[in-house]
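The values are calculated or read from the model by the stated rules, or taken from the named source; none is laboratory data. Only a predicted model underlies this, so the values are computations on that prediction, with no experimental measurement involved. Please note: Cβ atoms are built from the backbone with ideal geometry, for glycine as well, and neighbour counts cover all protein chains shown.
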Amino acid sequence: MNRAERIYRIDALLKERPRSLEQLKAALEASRATVVRDLTYMKELMQAPIAYDRATNGYRYAPDAPRFELPGFWLNESELYALLASGQMLDQMQPGLLAPYIGPLRGRIRGLLSQSGHSAAAVADSILLQPMATRTTHPERFGTIAGALLEHRPLLIQYRSRSRDETTERAVHPQRLIRYRDNWYLAAHCERAASLRIFSLDRIGKVVLRPAPALRTEPKVLDRFLGGSFGIFSGSAAAWAVLRFNAEASRWVADEAWHPDQIGQWQGERYELQVPYSDPRELLRDILKFGPDVEVLAPAELRALVAERLRAGAALYADDSPLP
């Protein structure tokens with residue numbers, strides 16, 4: 001149990017009756033040093049009126065002190081996000097085989113949110129998780145794909161590519177499901193391409209489970225494929241983008257993580273960011289959203305792509321007369 005949980009437990013124990021150090025150790029399943037640190041923390045930083053009672057050789061709340069109540073503990077960023085996101089996803093679940101188990105799970109999440117010292121309803125009402133550009137995935141197809149992945153079974157899928165706007169039939173061997181920017185993707189070995197590929201689940205049509213065992217990709221190879229370059233267009237990095245932001249945009253970008261291997265450095269008031277990429281499409285969109293606030297310094301091919309898109313966009317507004 002973490003410190004917050006231990007302190008809540010100590011508070012409850014001391015409100016019942018005096019407790020010896022050995023009793024506290026046993027109840028908390030903690031070492032003597034840990035219990036002493038927790039008691040000291042409560043006394044010095046939380047102003048808890050904890051006193052040693054010689055008659056019982058234990059610790060207690062001083063009987064002549066005002067009633068002590070623990071201040072609310074706040075959850076850290078990752079804990080809060082995990083609990084709220086889990087609760088939100090459970091609320092969105094459609095009735096199914098897990099329905100009898102969802103209620104108790106929701107209750108457990110509400111209990112954990114209450115560790116903040118506030119009611120779960122107050123926390124949920126005060127904090128908003130806002131999904132963006134989420135695309136709908138067919139629930140039955142998702143179940144078939146997830147089952148094939150966990151059972152190591154290949155699939156025959158119909159896939160409609162966004163880039164070519166054409167439907168093809170693919171024999172694939174699922175390797176990993178990925179939740180990225182509020183959407184689901186499948187990393188799979190594609191027999192047609194004879195290599196790993198990324199498939200957006202919302203673009204998968206018909207799905208047929210095949211009987212043979214699926215091909216397996218070594219975890220290290222899969223990790224390199226998924227993490228080697230910028231965004232969802234994975235694979236070994238083909239180039240490094242060098243981006244220089246103006247002073248205002250730099251104050252935002254300098255605090256952002258675009259890629260685990262990125263290199264960032266300040267040059268006066270401007271921030272220069274270098275990120276590896278294999279396919280420029282997603283990176284291109286992220287660059288374009290900064291408009292004139294960023295300049296692509298390298299490579300020349302990416303710089304030309306950005307310039308072309310900016311010129312095409314500007315051409316739409318060349319005639320600024322009102323629309324008919």
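Assorted remarks:
- Only listed residue being loosely packed, with under 15 Cβ neighbours inside 10 Å and in a helix (DSSP H, G or I), chosen from Tyr101, Tyr41: Tyr101
- Yes/no for Glu79 being at pLDDT below 85, among the charged types (D, E, K, R) and in a helix (DSSP H, G or I): yes
- Test: residue in region 270-277 that is over 27 Å from Ile198 (Cβ atoms), modelled with pLDDT of 95 or more, in a helix (DSSP H, G or I) and in contact with a helix residue (DSSP H, G or I) (Cβ under 7 Å, 6 or more places away or on another chain): no
- Every residue from region 227-259 that is of a type in the set (A, V, I, L, M) and in contact with a Lys or Arg (Cβ under 7 Å, 6 or more places away or on another chain): Ala247
- Only one of Gly264, Gly291, Gly268 that is free of Cβ contacts under 8 Å to residues at least 12 places away in the same chain and over 26 Å from the mean Cα position of the chain (by Cα): Gly268
Conditions (1) in contact (Cβ under 8 Å) with a residue 60 or more places away in the chain; (2) within 27 Å of His118 (Cα to Cα), marked per residue:
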{"position": "Tyr8", "(1), (2)": "yes, yes"}
{"position": "Ala12", "(1), (2)": "no, yes"}
{"position": "Arg17", "(1), (2)": "no, yes"}
{"position": "Leu21", "(1), (2)": "no, no"}
{"position": "Glu29", "(1), (2)": "no, yes"}
{"position": "Gln47", "(1), (2)": "no, yes"}
{"position": "Tyr52", "(1), (2)": "no, no"}
{"position": "Asp64", "(1), (2)": "no, no"}
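- Any hit, region 89-96, residues being free of Cβ contacts under 8 Å to residues at least 24 places away in the same chain and either closer than 30 Å to Ala12 by Cα or more than 20 Å from the chain's Cα centre (by Cα) (or both): yes
- Sole residue being touching a residue at least 40 places away in the same chain (Cβ under 8 Å), under 26 Å from Ala194 (Cβ atoms) and not basic (Lys, Arg), chosen from Leu177, Leu149, Leu129, Leu155: Leu155
- Scan of region 245-269 for residues that are within 17 Å of Pro292 (Cβ to Cβ) and either buried (at least 17 other Cβ atoms within 10 Å of the Cβ) or of a type in the set (Ser, Thr, Tyr) (or both), ordered by number: Phe245, Ala249, Ser250, Val253
- Identity of the residue in region 152-182, within 29 Å of Gln130 (Cα to Cα) and not in a strand (DSSP E or B), that ends up modelled with the lowest pLDDT: Ser163
- The listed residue being among the small types (Gly, Ala, Ser), assigned to a loop (DSSP other than H, G, I, E, B) and outside the structural domain of Leu209 (by TED's automatic domain parsing), out of Gly107, Gly96, Gly87: Gly96
- A single entry from Ser236, Ser250 fulfils the requirement of being modelled with pLDDT of 95 or more, over 18 Å from Leu177 (Cα atoms) and of a type outside the set (Lys, Arg): Ser250.
- From Leu302, Leu310, Leu297, residue being without any contact (Cβ under 8 Å) to a residue 24 or more places away in the chain, more than 26 Å from the chain's Cα centre (by Cα) and surrounded by 12 or more Cβ atoms within 10 Å (Cβ to Cβ): Leu310
- Test: residue in region 257-266 that is at pLDDT 95 or above and out of contact with any Leu (no Cβ under 9 Å at 6 or more places or on another chain): yes
- With respect to being in contact with a strand residue (DSSP E or B) (Cβ under 9 Å, 6 or more places away or on another chain), outside any helix (DSSP H, G or I) and over 15 Å from Met93 (Cβ atoms), Arg141 falls outside the description.
- Single residue of region 110-128 satisfying the filter (in a loop (DSSP other than H, G, I, E, B) and surrounded by 13 or more Cβ atoms within 10 Å (Cβ to Cβ)) that is modelled with the highest pLDDT: His118
- Count of residues meeting criterion [in contact with an Asp or Glu (Cβ under 7 Å, 6 or more places away or on another chain) and either surrounded by 11 or more Cβ atoms within 10 Å (Cβ to Cβ) or over 28 Å from Leu177 (Cα atoms) (or both)] in region 132-149: 3
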